[in-house]
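What follows is a short report on a single structure.
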Amino acid sequence: MSNPNIILYHANWSFCSQMVRVALLEKGFSFDERHIKLCDQYPEGENIDKDYLAINPLGTVPAIQIDGNTICGSAEIIYQLDKIDSNSAYSLYPNNVNEDEIRKWASDTTITDGVEFASTLGTIMPVFSSPLLQYMIKQLPFSSIMKILLKHPRKDRKMIFIAMYFGNPSKRIPFMGVKNYVDEILKLEKLFSDGRTFFYNTFSHVDINLMCVFNRLIDLGLEETLSYKTPFINKYWENLKLRKSYEEGILNYYTDKEKDLLSEFNRNNNSSVLKAIIKEIDKRKITPMKRFGTVKYD
């Protein structure tokens, strides 16, 4: 088959952009790239310029154009990409699994509008990322904050950015996600205790999302939470990192700007959230055994 004409509008460090890049690589599609300088990291704030808002009126990334048709939001983009014939030998939506189930898990592991704050693994990631977001926003010039206030189409994003620029809400926000995060991690540990290689034993949309979730935890200095009393998740994560798409779709997009930013942030960031997560895990009664399927949780 001929490759469809694909243009991807994305950002290097964007959580959801990473997901779509990995999906494109896994499916074997070539694509043209349009890097969007996001208003929370760059003074240019290209995602709230009229040219990009004409593509995605919400001003978020990623957005994709496939043969001229625009799709926004990582979950829907990946779902639609998987429907296109490709050179890939497998589907990101395995035939032996109910499609609605996969879509529900995919929704729960990405940032989904309309989902309760910090209630799913995907919506917990922005909560944990809030100190990093605030760190970036405080480095922006005042003119960029005014541009956000005047031009950002989403009132919720405006209010968050303004609060972070002038205040320090991220001092408390991450702790709101600790309990639910531990719930989700232990749920996954129990799932993977049967020895499966991937979420459905074949690489799927859910594995893409979890790859990006786990990678974001590294960015935030929280990778230890993937191995602390969770050996099956740790083994799964090591397996995910072996995917060629992890290197090409995620790691290769970290420029010096992202690397320097994360280095500075983690050098100045304390480990209070990590300690809170470890403490919450310790509160749970976990009895890991050597055999698959014998991890107990109370």
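The values are calculated or read from the model by the stated rules, or taken from the named source; none is laboratory data. Note that the structure is a prediction, hence the values are computed from the model and not measured. Methodologically, a virtual Cβ is constructed for each residue, glycine included, from the backbone with ideal geometry; neighbour enumeration extends over all protein chains shown. All accessible areas refer to the heavy atoms of the entire protein, side chains included, with ligands and DNA or RNA removed. Shrake-Rupley method; radii C 1.70, N 1.55, O 1.52, S 1.80 Å.
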Legend entry - Overall form of the chain per C-alpha gyration tensor (a/c, 1.5; a/b vs b/c): oblate
Legend entry - Most mobile listed residue (281, 36, 160) in the chain, GNM with C-alpha springs under 10 Å: 160
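Leaving out ligands, DNA and RNA, and with a 1.4 Å probe, what % of the accessible surface on the range 152-257 is carbon or sulfur?
Values: 2430 of 4630 Å².
After summing per-atom areas, the C and S share lands at 52 percent.
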Inset, instruction - Towards the positive end of the charge dipole of the range 141-245, with charges on Cβ (+1 Lys, Arg; -1 Asp, Glu), say which of 144, 226, 185 has the farthest Cα. - result: 144
Legend entry - Residue of 231, 141, 94 that the Gaussian network model of the chain assigns the largest fluctuation, springs spanning Cα pairs under 10 Å: 141
Legend entry - Residue-averaged 222 nm ellipticity for the chain, from DSSP H runs of 4+ at -39500 (n - 2.57), nearest 500: -15000 deg cm²/dmol
Legend entry - Signed unit charges on C-beta, dipole axis of the range 142-186, positive-most listed residue 173, 153, 163: 153
Inset, instruction - Any of 83/235; 235/285; 104/151 with alpha carbons more than 23 Å apart? Name them for me. - result: 83/235; 104/151
Inset, instruction - In debye, nearest 20, what is the charge dipole magnitude of the range 170-223 about its Cα centre with +1 on Lys and Arg Cβ and -1 on Asp and Glu Cβ, if you could check? - result: 260 debye
Inset, instruction - Could you look at the range 1-127 and say what percent of its accessible area is carbon and sulfur, using a 1.4 Å probe and all protein chains? - result: 47 percent
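With a cut-off of at most 15 other beta carbons within 10 Å, and DSSP calling the residue loop, which chymotrypsin sites (Phe, Trp or Tyr not before Pro) in the range 40-93 qualify? Please list them. Before the final figure, lay out the partial values.
Working: sites: 52, 79, 90; in loops: 90.
Answer by residue number: 90.
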Inset, instruction - Using only protein heavy atoms and a 1.4 Å probe, report how much of residue 107 is accessible, in Å² to the nearest 10. - result: 30 Å²
Inset, instruction - Would you mind getting the accessible area per residue of the range 1-159, heavy atoms of the protein chains only, 1.4 Å probe, in Å²? - result: 45 Å²
Legend entry - Magnitude of the charge dipole, the chain, Cβ model with Lys/Arg +1 and Asp/Glu -1, debye to 20: 1080 debye
Legend entry - Listed residue (66, 25, 239) projecting farthest to the positive dipole end of the chain, Cβ model: 239
Legend entry - For the range 203-264 versus the range 10-63, the gap between their alpha-carbon centres in whole angstrom: 19 Å
